[in-house]
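S.K.: One structure, as structure tokens, below. Some questions next.
The values are calculated or read from the model by the stated rules, or taken from the named source; none is laboratory data. Just so we're clear, the structure is a prediction, and the values are computed from it rather than from any experiment. A quick note on method: Cβ atoms are made from the backbone with ideal geometry, for glycine too, and the neighbour counts reach across all protein chains shown.
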Amino acid sequence: AAEKARSMFFSIVSHDIRTPLNAIIGYSQLLRKGIGDPKELDEALQAIEESGTTLLELVNDVLDLAKMDSGQMVLHTEPVRLGKLTDDVFATFRLVASQKGIKLINSTADVPTVLLDAHRFRQILFNLIGNAIKFTAQGSVTVSASYADTNLEVAVSDTGCGIPADMQARIFDPFFQIHDPSHTAARVMGSGLGLSICQRLVEAMGGEISVESEVGKGSTFKAHLSGIVVAETKNELAVVSKPTVDRSKLPKHVLVVDDSAVNRAVLTALLKQMGVTAIDQARDGGEALAKLDSAINEAHPYDFVFSDLWMPNVNGMEMIEKLRKDSRFANLPVFVLTADTEFDNDERAALFTGTLLKPLTYDKLAGSFATI
């Protein structure tokens, strides 16, 4: 049974990967041929971005499931305004909800700012809201919440197709999907991981999750967490704003090190958009070391380096080890670019100034400059 479920999972994941890839490749081909209508152009770019985000979420779901299975999941609490967090998640789904005529309702404003793992709780909301929209043909999706005596309850309700009673006990199982052909939800694909991850995350926070559903009327998923503390001090209540770029403090000369020409081009374009003008590239650590040495000798040294980790010849780790042994580069800011979510746990990570997790975004880059 486990082998059958695993095979089904890979089949489903293959579908979930191909669906957004179809949009990315299809719209990319249209863009190459030219799209004259500004509205159509914007829609194409938005579809590509959303499809990329969908792929990233799928990869994160698979990785998080593996982490939870191995007991490596670590929670980090911070002040969370549930109303703001819900609005942020709604923003991701607003386009698809609008296209389906579904109203998104946020009824969490009365809940005080509390201490939670914002990233993980966002993941819970993302999966629950995403599921609700997926299985709702019309009507609304509502997020409501209540807080009393350190008990937080968050509910995601929809007016969708509902879940048959005999399947409600299994919907939190990994890879499980509704396969009743007569049921509307059976026609909607998914990885079968989202609800399982929600349950494990809620349990990791010391809570529990439940479902109430009626076929033809809709479903309500409730996450109940106990021991949740209100963030009371001014520092805790401070709103963390997106990093901004102070152009006067931007590095004057940047080196981008990556064996992928596409990755180098993307990072270079983002840096130029920020206002960095002098940017050079290297294909591996060996070429980077040569450029760094030459730049110092020519009195035009680099003051910031972004480097991939895995490269042929001399990789990023070998490069940074050599740099830190050279007094000329001992304090040179070097940020590692990696897809390894556990890299910060590597003791050698301390050799780098910081870590940027792929895929890169403008905000992530701005944040790297803000730390120097």
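S.K.: Looking only at segment 156-171, filter to residues that are of a type outside the set (Asp, Glu) and in a helix (DSSP H, G or I); which one of those is surrounded by the fewest Cβ atoms within 10 Å (Cβ to Cβ)?
M.R.: So the residue we want is Ala165.
S.K.: From the set of residues in segment 1-24 that are within 23 Å of Gln99 (Cβ to Cβ) and surrounded by 13 or more Cβ atoms within 10 Å (Cβ to Cβ), which is modelled with the highest pLDDT?
M.R.: Ile24
S.K.: For segment 247-280, what are the residues that are over 20 Å from Leu332 (Cβ atoms) and either assigned to a strand (DSSP E or B) or free of Cβ contacts under 8 Å to residues at least 24 places away in the same chain (or both)?
M.R.: Ser248, Ala261, Val262, Ala265, Ala269, Lys272
S.K.: Being within 27 Å of Leu63 (Cβ to Cβ) and touching a strand residue (DSSP E or B) at 6+ places or on another chain (Cβ under 9 Å) is true for just one of Asp259, Asp346, Asp280, Asp363. Which residue is that?
M.R.: Asp259
S.K.: Can you name every residue in segment 88-104 that is within 18 Å of Asn127 (Cβ to Cβ) and either in contact with a strand residue (DSSP E or B) (Cβ under 6 Å, 6 or more places away or on another chain) or of a type in the set (Val, Ile, Thr) (or both)?
M.R.: Result: Val89, Phe90, Thr92, Val96, Ala97, Ile102, Leu104.
S.K.: Moving on. Considering Val80, Val89, which residue is modelled with pLDDT of 85 or more and within 23 Å of Pro359 (Cβ to Cβ)?
M.R.: Val89
S.K.: Suppose we keep only residues that are out of contact with any helix residue (DSSP H, G or I) (no Cβ under 7 Å at 6 or more places or on another chain), in a helix (DSSP H, G or I) and of a type outside the set (Ser, Thr, Tyr) within segment 327-365. Which one would you say is farthest from Met274 (Cα to Cα)?
M.R.: Glu347
S.K.: Of all residues in segment 280-334 being among the acidic types (Asp, Glu) and within 17 Å of Asn263 (Cα to Cα), which is surrounded by the most Cβ atoms within 10 Å (Cβ to Cβ)?
M.R.: Ranking the qualifying residues of segment 280-334, first place goes to Asp308.
S.K.: Take the residues in segment 202-227 that are of a type in the set (A, V, I, L, M) and not in a strand (DSSP E or B), then tell me which one is surrounded by the most Cβ atoms within 10 Å (Cβ to Cβ).
M.R.: Of everything passing the filter in segment 202-227, Val202 is surrounded by the most Cβ atoms within 10 Å (Cβ to Cβ).
S.K.: Taking Val305 as the residue in question, decide whether it is of a type in the set (Val, Ile, Thr), free of Cβ contacts under 8 Å to residues at least 40 places away in the same chain and touching a Leu at 6+ places or on another chain (Cβ under 9 Å).
M.R.: It is false that Val305 is of a type in the set (Val, Ile, Thr), free of Cβ contacts under 8 Å to residues at least 40 places away in the same chain and touching a Leu at 6+ places or on another chain (Cβ under 9 Å).
S.K.: Okay, moving on. Just to be sure, is Ala66 hydrophobic (A, V, I, L, M, F, W, C), free of Cβ contacts under 8 Å to residues at least 12 places away in the same chain and within 17 Å of Cys198 (Cβ to Cβ)?
M.R.: Answer is yes for this residue.
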